[in-house]
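In what follows, a single structure is set out as structure tokens and then discussed.
Only the coordinates and a few stated rules stand behind these numbers; no lab work does. Keep in mind that this is a model prediction, so the values were computed, not measured. Note that we place each Cβ from the backbone using ideal geometry, even for glycine, and neighbour counts take in every protein chain shown.
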Amino acid sequence: MWSALPRAARFKKQRCCREVDQPVLDLRGVSKQFPGHLAVANLSLALRHGEFFSLLGPSGCGKTTTLRMVAGFEQPSAGEIYLRSERIDQRRPYQRNVSTVFQNYALFPHLTVQQNVEFGLRRQGVRTDLQKRVHDVLELVQLGGKEARLPAQISGGERQRVALARSLVLAPDVLLLDEPLSALDPNLRKQVRAELKALQRNVGITFLFVTHDQEEALSLSDRMAVLAGGRLEQLGTPEEVYLRPRTRFVASFLGSVNWMDGVGVRPEAVRLSAQHPDGARSKPVVVEQVRFLGNSIHIQARLETGEAIIAETSRLQPAYSPGDRLHAWWLPGDELRFE
Amino acid sequence: MTRLRRLFLAPSWMVTVTLILAPLAVVLAYSLLTRGVYGGVMPPWSLENYVRLWDPLYLRIVGRSFWIAGASTLFCLLLGFPLALFVARSSRKNLYLSLVMLPFWTSFLVRTYAWMFLLRDTGLINSLLQKAGWIHDPLPLLYNDGAVIVGLVYAYLPFMVLPLYATLERLDPNLVEAAADLGARPVATLARVIVPLSAPGMRAGIVLVFIPCLGAYLTPDLLGGGKSVMIGNLIQNQFTTARDWPFGSALSLVLMAMVMILLWLFTRRDSEGLL
Amino acid sequence: MNRNSRALSLYAVLMFVFLHVPLLILAVFSFNSSKFTLWEGWSLRWYRAAFSNAQLAESTGNSLIIAVTATGLATVLGTLCAYGLWKRRSRTLAGSLYLSLVTPEIVSGVALLALFQFVFRFLHVQLGMHTVILAHVSFSLAYVVVVVSARLRTVDPALEEAALDLGADEWGAFRYVTLPSIAPSIAAAALLAFTVSFDDYVITSLVAGVNSETLPMVIYAIARRGINPVVNAISALIVFGLGLLVLVSERLRAR
């Protein structure tokens, strides 16, 4: 439904071919030192025009601090930040053409939806087009008709859309999103996730998305960066990061891993059968527990060495019972090895 | 951002330094000087004024101040606790709270005068008792320590009720239920669960009542006549009639010191501040 | 309702009587036609006496001028101060304001008197309305800061960040986002400061000059001499007036 809206074209900036080659947002060697705590260490990232880029990592990994440095609420202790080749890290937030969607939306409680969305335009002194631009962006996020409501009178999901509209109407070079889905009901999250992705495609603005949920990052991003302890662990597409993790940390953070003799294999890559095919690696196991999860089955099995592994199979596979002696096998290509 | 903040704070800094800190500095200086011939101050510098405080006459006044403030605080605590409990348990908390606080905000002077009206020899209480034939001569209800205590309790009771209410209101009702479940009767629950848990509120209330009572001036002046001289009256006297500003300054600083010590003693365990 | 809560309710009623009856009695007896404490009949003579008294009228005027000026200054300064402290705590400033709150009135009064007299040696000025106004600002400031700070603590700091993010500068963020949010509590603080200033006796009596008598000072002088029903009348008016102001202030604070 999102892609059917024609008006979104207005938000796409026409770029000449040369500009498209340059990164829209460039972080070079950015660090942030707080008293007693190095939040971000020597981070370098380059975002391309129109991409959906995620910063993924556990709490305290520095992703929010990085976002705040791009927005202008923190100053880097070292390094530079460039927005479309202009250096911005010394500028105040209102001097940067980036806009932030806050985790709790930060809608101005004393202003209506209309007044919230037009806030930035009014600060710029826009008078003529004001009504139309606000109306258009509210249509885009499907909040037409709610202009006169106060934030307290609309739902959480609607508030998020107001926050999006408020930032998008200013046509920023990069839209910064700080865990925007975490404040929503879990049921709502998947739906909003899809809408957000479609919106970004439609509007064509670069999104910098911060999250600690790997499923979110994997499903939404064109590219993603995994951070831990303030450092960049890996940067790549979701496939690269999930299937070819560069460090143990990235492997474990992006999904479950069975570790056997220093080698990792993901549960969905482990299969169980009485015999194993040639060319596959295998180990004899005894089935311990079979857990039915609805759309899949987790089979916990114990190796001869005493470790437990999990194999994930579709529920349409043959059933196993505790006590069965089988072979757990996987293809060598599915192994994750690290130094 | 810092420039705006400095601009915003600058006038308050000026007021604070000139009208709050500087006056105290002057008082400190004066307390170390000597009384001038026609009032005012002059050298030599000495600790003479502080030494003078140890005169039994003045010590008695300090003692009386502590006794009156202490009694007032105790009565406020005893009278205020059940009232705070009532408000905390009621369904119309805001209404009752306003009813408690409202008299406080009207006028201190008026409220003190009200007790003059009630307590004096030809006041309402004595007139009624005489009319009813219960007494012949009027009871000396005014111009003594007792009247001052009544006046102070009346004035500062809301200050005790408010923090007690705040603590009691936050009390987890499950705790009271648990006590009952374990076999405690209401009195035991009160004594062993509710009262101990309301300790922070009691500490705050004691501080909020005792300190103004200790430094009281108007109440002992109007309700005590010349008979219940407290530290506040003594200080005022030094700066007006007696014209002994250095001694008055020393008294002021000693009073401040006592207030500070009490504050420190009672609030060091509580982290929340007003500002 | 069980026996215990009935006892508690009864106690509460008694306490409310204790708190309000003295003032009610005062008000009722302001309508007493007799000068003595025996009730003789309804009369407005004491109110007429109060309104025709020149000294009372002048001192009320002084009180109002002082209260309005001091309140205006204290509210503006106090709001800016609370905002500045909200952005970044200053332990010295907060500590000094706290000091002003806990200092007994008599000490504040004599300290200000001592300062003024010291300064006047060099400035050839006397005690007067200006010294009273300065004194009132000094003790009202802390009240305003406390009230506005309490409200600011409930304001989400992300709101100002959002304002900056959307293109407002620091002053714009304050003006368009934070100030509207705290406006009711600023009004409440102002009413509070007014009440405190209007009613002050101790500090005012020490720093007022010869021509700057305030209403509390006049009331005190009359009351000192004994019971005078005119005081009853003035008291009733004050209680009613200030009580109304406080009710409005509380309503604003709750918004």
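I'd like the orientation of helix A:186-203 relative to chain A: the angle between its Cα long axis and the longest Cα principal axis, in ° from 0 to 90, rounded to 10.
For A:186-203 against chain A, the angle is about 60 degrees.
Please list the equivalent ellipsoid semi-axes of region C:124-255, computed as the square roots of five times the alpha-carbon gyration tensor eigenvalues, in descending order and whole angstrom. Present the calculation step by step, with values, prior to reporting the outcome.
Values: eigenvalues 307, 73, 16 Å².
Each semi-axis is √(5λ); the values are 39, 19, 9 Å.
Pop out the ³J(HN,Hα) list for region C:180-192 in order, Karplus 6.51 cos²θ - 1.76 cosθ + 1.60 with θ = phi - 60°, rounded to Hz; leave Gly and Pro as x.
Running phi through 6.51 cos²θ - 1.76 cosθ + 1.60 with θ = phi - 60° gives x, 5, 9, 3, x, 6, 5, 5, 4, 4, 4, 5, 4 Hz.
When the helices in chain C are scored as -39500 (n - 2.57) per DSSP H run of 4 or longer and the sum is shared across all residues, what 222 nm value do you end up with, to the nearest 500 deg cm²/dmol? Could you put the intermediate results ahead of the total?
Numbers: 12 runs with 201 residues, N = 255.
After summing the helix terms and dividing by the residues of chain C, the value is -26500 deg cm²/dmol.
So for chain A, averaging the separation of alpha carbon pairs under 8 Å that are six or more residues apart and normalising by length, what relative contact order in percent results?
Values: 673 pairs, mean separation 61.3, N = 339.
In percent, rounded to a whole number, it is 18.
Hey, what do the phi angles of region B:50-57 turn into as Karplus ³J(HN,Hα) couplings, whole Hz, using 6.51/-1.76/1.60 and θ = phi - 60°, x for Gly and Pro?
The phi angles translate into 5, 5, 4, 4, 7, 4, x, 4 Hz.
Please list 3J(HN,Hα) in residue order for region B:165-174, calculated via the Karplus relation 6.51 cos²θ - 1.76 cosθ + 1.60 where θ = phi - 60°; whole Hz, with x for glycine and proline.
For region B:165-174, the Karplus curve yields 4, 4, 6, 5, 5, 7, 5, 5, x, 4 Hz.
For region C:1-39 and region B:1-43, compute the distance between their C-alpha centroids and round to whole Å.
Cα centres, region C:1-39 to region B:1-43: 45 Å.
What is the packing order of peptides B:141-149, B:207-215, taking the mean over residues of other C-beta atoms within 10 Å and listing the highest first? Intermediate values should be presented prior to the final figure.
Values: B:141-149: 21.4, B:207-215: 24.1.
Put in order of decreasing packing, that is B:207-215, B:141-149.
How high is the relative contact order of chain C, in percent, counting Cα pairs under 8 Å that sit 6 or more residues apart?
Working: 264 pairs, mean separation 78.3, N = 255.
Once normalised by length, the contact order is 31 percent.
In Å, what is the Rg of the alpha-carbon atoms in region A:29-148, and how long is Dmax?
When restricted to the Cα atoms of region A:29-148, Rg and Dmax are 17.3, 50 Å.
222 nm [θ] for chain B, helices only, -39500 (n - 2.57) per DSSP H run of 4+, per residue, to 500? Mind dumping the intermediate values first?
Values: 14 runs with 190 residues, N = 275.
After summing the helix terms and dividing by residue count, I get -22000 deg cm²/dmol.
Answer with one residue from B:Leu124, B:Met14, B:Leu141: the one whose Cα lies farthest towards the positive end of the charge dipole of chain B, charges on Cβ with Lys, Arg +1 and Asp, Glu -1.
In chain B, that residue is B:Met14.
Normalised by the empirical 2.2 N^0.38 Å for globular proteins, what value does the Cα Rg of chain C take? Intermediate values should be presented prior to the final figure.
Values: Rg = 22.4 Å, N = 255, 2.2 N^0.38 = 18.1 Å.
Working it through for chain C, the quotient is 1.24.
Which angle between 0 and 90 degrees, to the nearest 10, do you get for helix A:156-168 versus the longest principal axis of chain A when only C-alpha atoms count?
The helix A:156-168 is inclined about 60 degrees to chain A.
Hey, got the average number of other protein chain Cβ atoms within 10 angstrom for residues in B:21-31?
On the way: counts 5, 6, 14, 10, 3, 10, 7, 2, 2, 5, 1.
That average works out to 6.
If the only charges are +1 at each Lys and Arg Cβ and -1 at each Asp and Glu Cβ, what is the size of the charge dipole of the protein assembly as shown around the Cα centre, to the nearest 20 debye? All intermediate terms of the calculation are to be shown ahead of the outcome.
Working: 84 positive and 63 negative charges, 220 e Å.
Charge dipole, the protein assembly as shown, about its Cα centre: 1060 debye, nearest 20.
Taking H placed 1.01 Å from N in the peptide plane, check which residues at least 5 places from A:Val174 or on another chain put their amide H under 5 Å from its amide H.
Excluding prolines and chain starts, which carry no amide H, the hits are A:Ser99.
Show me A:232-244, C:79-91 ranked by packing, highest mean number of other Cβ atoms within 10 Å first.
On the way: A:232-244: 17.5, C:79-91: 19.8.
Averaged packing, sorted descending, gives the order C:79-91, A:232-244.
Rounded if a/c is under 1.5, else prolate if a/b is larger than b/c, else oblate: which is region B:1-158, with a ≥ b ≥ c the root eigenvalues of its Cα gyration tensor?
Numbers: a/c = 2.59, a/b = 1.30, b/c = 1.99.
Oblate, since a/c reaches 1.5 and b/c is not below a/b.
Could you pull out every residue, at least 5 positions away or on a different chain, whose amide H is within less than 5 Å of the one on A:Glu288? Hs are placed 1.01 Å off N in the peptide plane, and Pro or chain starts have none.
A:Gln300, A:Ala301, A:Arg302, A:Gly323
In Å, what Rg and Dmax follow from the Cα atoms of region B:14-76?
16.4, 45
Counting partner chain Cβ atoms within 10 Å of every residue's Cβ in C:3-15, what's the average? Can you show the working numbers first?
Details: counts 1, 4, 5, 0, 1, 6, 3, 1, 5, 11, 1, 3, 9.
Mean inter-chain Cβ contacts per residue within 10 Å come to 4.
Kindly express, to the nearest 10 degrees and within the range 0 to 90, the angle between helix B:22-31's C-alpha long axis and the longest C-alpha principal axis of chain B.
Helix B:22-31 sits at roughly 60 degrees to that axis.
Report, in deg cm²/dmol and to the nearest 500, the calculated mean residue ellipticity at 222 nm for chain A, where each DSSP H run with n ≥ 4 adds -39500 (n - 2.57) and the sum is divided by the residue count. Mind showing how you got there, number by number?
On the way: 9 runs with 87 residues, N = 339.
It comes out at -7500 deg cm²/dmol, rounded to the nearest 500.
Which translational diffusion coefficient, to the nearest whole µm²/s, is obtained for region B:47-140 from the Stokes-Einstein equation, given a Kirkwood hydrodynamic radius over C-alpha pairs, 20 °C and 1.002 mPa s?
Details: Rh = 17.5 Å.
Answer, rounded: 123 µm²/s.
Take the Cα atoms of region C:65-183, find their three principal axes, and give me the spread along each one in whole Å, biggest first.
54, 25, 24
Could you give the distance between the Cα centres of region C:109-142 and region B:202-242, to the whole Å?
22
Considering every pair of different Cα atoms, what Kirkwood radius, in Å, is found for the protein assembly as shown?
Values: mean 1/r = 0.0302 Å⁻¹.
After inverting the pairwise mean of 1/r, the radius is 33.1 Å.
Among C:235-242, A:171-178, how do they line up by average Cβ neighbours within 10 Å per residue, starting with the highest?
Numbers: C:235-242: 19.6, A:171-178: 22.0.
Per-residue Cβ counts within 10 Å, averaged per peptide and sorted highest first, yield A:171-178, C:235-242.
Please state the shape class of region B:68-122: rounded when a/c is under 1.5, otherwise prolate if a/b exceeds b/c and oblate if not, all from the C-alpha gyration tensor.
Details: a/c = 2.66, a/b = 1.55, b/c = 1.72.
Oblate.
Calculate the spin-label point distance for A:Glu240 paired with B:Lys93, positioning each point 7 Å from the Cα along the beta-carbon direction, and give it in nanometres.
5.7
Taking amide H positions as placed in the peptide plane 1.01 Å from N, state which residues far from B:Thr34 in sequence (5 or more) or on other chains have amide H under 5 Å from it.
So B:Thr34 has HN proximity to B:Met42.
Could you check which residue among B:Pro200, B:Pro23, B:Pro163 shows the biggest mean-square fluctuation in a GNM of chain B with a 10 Å Cα cutoff?
In the Gaussian network model the winner is B:Pro23.
Let me confirm one metric for peptide C:46-59, namely the mean number of other chain beta-carbon atoms within 10 Å of its residues' beta-carbons. Could you put the intermediate results ahead of the total?
Values: counts 0, 0, 0, 0, 0, 0, 0, 0, 0, 0, 0, 0, 0, 0.
Taking all residues of C:46-59 together, the mean is 0.
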